[in-house]
Amino acid sequence: MTIGERLRFFREQAGVSGKYLAEQAGLVPSQIYKIESNVTKPSFDSLERICDVLRITMGEFFADHPPELSPEVRQVVDKIQKLPPDKLKVLNAVLDTWVETD
């Protein structure tokens, strides 16, 4: 996958428009279009801001196989990542009661 294809994949998975992504990342919409079309490549700083808006890490962006999480699961993961350790332990205990383990 090219950088442009990766960007389009993650942008569409996040359910945001190129215009929204550009505005939130401090870019202009034509920059997102050019990156997705492989006309240009983003600077490291721009790509970092784009990843922040898409709520993914640079590692996820460049992974060999992008994670295919549903929007619902992505929302849950986003919320979990914001929890402090004590609440994460409580959530884990609750999930243990809901999920059957072998």
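Per-structure values
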read-out: Boolean, Leu83 is of a type in the set (A, V, I, L, M) and part of a helix (DSSP H, G or I); value: no
read-out: Pair list, Cβ under 7 Å, 6 or more apart: the stretch 1-20 residue modelled with pLDDT under 90, other residue assigned to a helix (DSSP H, G or I); value: Ala14/Leu54; Gly15/Pro71
read-out: Qualifying residues in the stretch 56-70 (those that are at pLDDT below 90 and surrounded by 10 or more Cβ atoms within 10 Å (Cβ to Cβ)) - the one nearest to Phe9 (Cα to Cα); value: Pro66
read-out: All helices (runs of 4 or more DSSP H) inside the stretch 1-52 with 1 or more residues being under 24 Å from Lys82 (Cα atoms) and hydrophobic (A, V, I, L, M, F, W, C); value: 3-14, 18-25
read-out: In the stretch 11-54, the residues that are in contact with a Pro (Cβ under 7 Å, 6 or more places away or on another chain), surrounded by 15 or more Cβ atoms within 10 Å (Cβ to Cβ) and within 20 Å of Arg74 (Cβ to Cβ); value: Gly18, Ile50
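The values are calculated or read from the model by the stated rules, or taken from the named source; none is laboratory data. Bear in mind the structure is a predicted one, so any value in this text is a computation, not a measurement. Using ideal geometry, Cβ is built from the backbone for each residue, glycine included, and neighbour counts are taken over all protein chains shown.
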